[in-house]
Amino acid sequence: SAVISQKPSRDICQRGTSLTIQCQVDSQVTMMFWYRQQPGQSLTLIATANQGSEATYESGFVIDKFPISRPNLTFSTLTVSNMSPEDSSIYLCSVAAGETQYFGPGTRLLVL
Amino acid sequence: GESVGLHLPTLSVQEGDNSIINCAYSNSASDYFIWYKQESGKGPQFIIDIRSNMDKRQGQRVTVLLNKTVKHLSLQIAATQPGDSAVYFCAENWSGGGSNYKLTFGKGTLLTVNP
């Protein structure tokens, strides 16, 4: 399976600011995804990061709040904009190998 | 103090016992299922998968059982070890003829292995 890294691994941010999370894969992949995992809960898909076109967002998530870039087949970023304490979560990127998805280590975000 | 939002089902077993973790999935059209293990501070790790044309699949110390009639999935871990302590998630996918790769995750179960 692909090796996936995320930066930063964790951060503490002030409300009203924005944070950009990076996801790097060691091989070219077609499908990349961003998930949110709120404290003690399961994973919720935010969006599919499409290379060369706009991301596809799930219900309840919008581009203004979670802008995503996918400049090539090995890299993507997720920005959490105008943060509030409710955005405190683990943010995870994943890549698809066929139907199977493999996950990065996650970015742990605390918003004060 | 109480952890707000922490309401995972829990399973506590003794080291060496067998563990069974259950999952009820939601979409009767789902045709692919995965079990993930998430240790504290880490991302979910793939354990084993199964397609809907099978009802059982075995891996190393793990077995997944699928009952499509009642939309139920289970993960059996043999000879559970302290290193198996983690949250376990099931995930389902409906391939939609090959174009849909989105996974829907279950709530998760916290497995604690007592030495």
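So here's what we get for this one:
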item	result
Single unsatisfied condition, residue A:5 versus (1) within 12 Å of chain B (Cβ to nearest Cβ); (2) in contact (Cβ under 8 Å) with a residue 24 or more places away in the chain; (3) at positive phi	(3)
Unmet requirement for residue A:76, which otherwise passes all of (1) more than 14 Å from chain B (Cβ to nearest Cβ); (2) surrounded by fewer than 18 Cβ atoms within 10 Å (Cβ to Cβ)	(2)
Total residues in the range B:48-60, condition away from every other protein chain (no Cβ under 11 Å) and within 14 Å of the chain's Cα centre (by Cα)	5
Qualifying residue in the range A:15-34 (condition: within 24 Å of residue B:94 (Cβ to Cβ), open to solvent by 40 Å² or more (accessible area, probe 1.4 Å) and of a type in the set (Ser, Thr, Tyr))	yes
Test for residue A:53: is it in contact with a Lys or Arg (Cβ under 9 Å, 6 or more places away or on another chain) and surrounded by fewer than 16 Cβ atoms within 10 Å (Cβ to Cβ)	yes
Index of the failed condition, residue A:92 passing every other in (1) over 10 Å from the mean Cα position of the chain (by Cα); (2) within 11 Å of chain B (Cβ to nearest Cβ); (3) closer than 26 Å to residue A:112 by Cα	(1)
Considering residues of the range A:90-102 that are of a type outside the set (A, V, I, L, M) and surrounded by 21 or more Cβ atoms within 10 Å (Cβ to Cβ) only, the residue farthest from residue A:1 (Cα to Cα)	A:91
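The values are calculated or read from the model by the stated rules, or taken from the named source; none is laboratory data. As the structure is a computational prediction, the values presented were derived from the model and not from experiment. Here Cβ is always computed from backbone atoms with ideal geometry, including for glycine, and neighbour counts include all displayed protein chains. Side chains are part of the model used for accessible areas, which takes the heavy atoms of the whole protein and leaves out ligands, DNA and RNA. Shrake-Rupley method; radii C 1.70, N 1.55, O 1.52, S 1.80 Å.
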